[in-house]
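Have a look at the structure below before the remarks.
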């Protein structure tokens, strides 16, 4: 997979359905179908673009390979890292693009109650200390603890950093001597698609596709 042109030459004579054939040959799957952990390439991530080059989401490279083998995407850019076997090798995909446009449906009257949408509503900021954190360093907190009758809904769940979450524990904010920055409420409309990427850590091949619907985190 050397990019959009000539990618198929790296797979000549190899059956791409199912993907396990490739992974087994490359030594990335054991006989039980489990992914091996001795190759750092399994940690690579791939940016998935719509047919219009609009960023949709970040997927694992194995998912990207599956889509390529199914003829659903083209490879726009690759990493330098390669997966090798006796008979073939290929570079891991960095950016892929769907060959058919997918319309993204947004229902403004219904916002799914999810961790991602809670973070988006709260602008990825801890509702106790006010600091902004990357997703990996955030969790959610029950303002009124479940043990005290607190519900798991928009009005009782807030974004919280790990430090403040530990400090608050199973107490209410007043019991813990903490204050909410704002009262949590159900969003009036679905948040825009949001892909938060650490700008300093993002692959160079992704940066040309960062625009209005992709947030860049300078940290």
- Item | Exposure proxy ranking, count of Cβ atoms within 10 Å, fewest first, for 63, 152 | 152, 63
- For segment 159-186 versus segment 64-134, the gap between their alpha-carbon centres in whole angstrom: 31 Å
- Over all Cα pairs of segment 93-180, how is the pair count split among 5 Å bins, expressed in % and running from 0 up to the last occupied bin? 3, 13, 21, 19, 14, 11, 7, 6, 4, 3, 1
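None of the figures in this text is laboratory data; all of them are computed from the coordinates on show. On a predicted model such as this, the values are computed, not experimentally measured, just so you know. Cβ atoms come from the backbone with ideal geometry, glycine included; neighbour counts cover every protein chain shown.
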